[in-house]
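Student: After the structure tokens below, expect a handful of questions from me.
The values are calculated or read from the model by the stated rules, or taken from the named source; none is laboratory data. The structure displayed is predicted, hence computed values, not measured ones. Neighbour counts are summed over all protein chains in view; Cβ atoms, including those assigned to glycine, are modelled from backbone coordinates with ideal geometry. Surface accessibility is based on the protein's heavy atoms, side chains included, excluding ligands, DNA and RNA. Shrake-Rupley method; radii C 1.70, N 1.55, O 1.52, S 1.80 Å.
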Amino acid sequence: MAPLKIIGVGYGRTGTESLRVALNMLGYNTHHMHEMFNRDGHPEVFQEAYEHPEHEIDWDMLYDGFDAAVDWPTAEFLEPLMKKYPSAKILLTERDFESWYKSVSNTLHPLATQVMKSSDSEYMRRIHSMVSTIAMDGDIADAKRFQNKEAIKNRFEEHYNMVKKTVPKDRLLVLQLGEGWNRLCEFLDKPIPNEPYPRTNSTQELKESVEKIDERLREKGLN
């Protein structure tokens, strides 16, 4: 289904899971970190793309079956993906840093530093290697570096400022956490659905999902 029509470069825990569900409701099939646990998402290829940007990457293979992508790992590949898919529209989900940092501290950080690291699954170890390399340059998965809140804030702000400076205004939509349908549908030229904009993946929901993650991998044959 590639090429990508939508590239979402907001960091995880900025409403990216709700955006994934919303885009699917609008008719897209959306890649998200969530999907990396539903099939072999080739995490080592994303890692190679990050560590060796000079390498030629088969992006169509990585996004096979998808025409939209949000969250990590996509969020770290704005420039190569814009070059590969020049007609794609860019979405940037924003969230107040303090709120974001608290959320990540309770969810993605322990997932990366504890659950992924201690998993018996070979595939989970591949995922962990990717996250430890690319998610905020590995800061998300590093217990010591993530505690340096000021440095994390600087990296967070640098990413968002870079996106806003890099993407032409007519290709970029900046969305605030919990904003809803109106501007998104206008930007994508889609009718507003009758259903409310989705609200998913709360901190508690993600914690419960994490507890079952090894079981999900076994069910998918991703041992």
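Student: So which of Asp58, Asp64 is surrounded by fewer than 17 Cβ atoms within 10 Å (Cβ to Cβ), free of Cβ contacts under 8 Å to residues at least 60 places away in the same chain and either at negative phi or not charged (D, E, K, R) (or both)?
Tutor: After ruling out the rest, the residue left standing is Asp58.
Student: If you don't mind, another one. Can you tell me which residue within segment 161-172, out of those that are in contact (Cβ under 8 Å) with a residue 60 or more places away in the chain and open to solvent by 10 Å² or more (accessible area, probe 1.4 Å), is nearest to His109 (Cα to Cα)?
Tutor: Checking each candidate, the answer is Met162.
Student: Just one of (1) open to solvent by less than 30 Å² (accessible area, probe 1.4 Å); (2) of a type outside the set (A, V, I, L, M, F, W, C); (3) closer than 30 Å to Asn106 by Cα; (4) touching a residue at least 60 places away in the same chain (Cβ under 8 Å) trips up His31, so point out which.
Tutor: Among (1) open to solvent by less than 30 Å² (accessible area, probe 1.4 Å); (2) of a type outside the set (A, V, I, L, M, F, W, C); (3) closer than 30 Å to Asn106 by Cα; (4) touching a residue at least 60 places away in the same chain (Cβ under 8 Å), the lone unmet condition for His31 is (4).
Student: Still on this model: Among (1) open to solvent by 30 Å² or more (accessible area, probe 1.4 Å); (2) under 16 Å from the mean Cα position of the chain (by Cα), which single condition is Gly41 missing?
Tutor: (1)
Student: Which number in (1) under 16 Å from Leu78 (Cα atoms); (2) free of Cβ contacts under 8 Å to residues at least 12 places away in the same chain marks the one condition that Asn194 misses?
Tutor: (1)
Student: Another one. How many of the residues making up segment 81-132 are assigned to a loop (DSSP other than H, G, I, E, B) and aliphatic (A, V, I, L, M)?
Tutor: Counting residues in segment 81-132 that are assigned to a loop (DSSP other than H, G, I, E, B) and aliphatic (A, V, I, L, M) gives 1.
Student: Of all residues in segment 1-16, how many are open to solvent by 20 Å² or more (accessible area, probe 1.4 Å) and more than 22 Å from Glu158 (Cα to Cα)?
Tutor: Within segment 1-16, residues that are open to solvent by 20 Å² or more (accessible area, probe 1.4 Å) and more than 22 Å from Glu158 (Cα to Cα) number 4.
Student: Another question, if that's okay. For the subset of segment 46-61 comprising residues that are in contact with a helix residue (DSSP H, G or I) (Cβ under 6 Å, 6 or more places away or on another chain) and assigned to a helix (DSSP H, G or I), which member is nearest to Ile6 (Cα to Cα)?
Tutor: Trp59
Student: Quick check on segment 198-223: of everything there that is charged (D, E, K, R) and either touching a Lys or Arg at 6+ places or on another chain (Cβ under 8 Å) or farther than 23 Å from Asn106 by Cβ (or both), which residue is modelled with the highest pLDDT?
Tutor: Initial filter on segment 198-223 (charged (D, E, K, R)): 199, 205, 207-208, 211-212, 214-216, 218-220.
Narrowing further to those that are either touching a Lys or Arg at 6+ places or on another chain (Cβ under 8 Å) or farther than 23 Å from Asn106 by Cβ (or both): 218-220.
Values: Arg218: 68, Glu219: 72, Lys220: 64.
The residue in question is Glu219.
Student: Say we look at segment 27-42 and pick out the residues that are at pLDDT 90 or above and assigned to a loop (DSSP other than H, G, I, E, B); which of these is nearest to Glu219 (Cα to Cα)?
Tutor: Result: Asp40.
Student: Further question on the same structure: So, of the residues in segment 133-148 that are in a helix (DSSP H, G or I), in contact with a helix residue (DSSP H, G or I) (Cβ under 9 Å, 6 or more places away or on another chain) and open to solvent by 40 Å² or more (accessible area, probe 1.4 Å), which turns out to be nearest to Gly12 (Cα to Cα)?
Tutor: Filtering first and then ranking leaves Asp137.
Student: Any idea which of Glu48, Glu98, Glu79 is of a type in the set (D, E, K, R), farther than 30 Å from Arg183 by Cβ and open to solvent by 40 Å² or more (accessible area, probe 1.4 Å)? Spell out how you get there, then give the answer.
Tutor: On the way: Glu98 fails: farther than 30 Å from Arg183 by Cβ; Glu79 fails: farther than 30 Å from Arg183 by Cβ.
The conditions single out Glu48.
Student: Let me ask you something else. So, of the residues in segment 106-126 that are under 20 Å from the mean Cα position of the chain (by Cα) and open to solvent by 90 Å² or more (accessible area, probe 1.4 Å), which turns out to be modelled with the lowest pLDDT? Show your work before the answer.
Tutor: Just the residues of segment 106-126 that are under 20 Å from the mean Cα position of the chain (by Cα), to begin with: 106-117, 123-126.
Now restrict to residues that are open to solvent by 90 Å² or more (accessible area, probe 1.4 Å): 114, 117, 125.
Details: Gln114: 76, Lys117: 66, Arg125: 88.
So the residue we want is Lys117.
Student: Go through segment 171-197 and report how many residues are charged (D, E, K, R) and either modelled with pLDDT under 95 or outside any loop (DSSP other than H, G, I, E, B) (or both).
Tutor: Looking only at that region, the number is 4.
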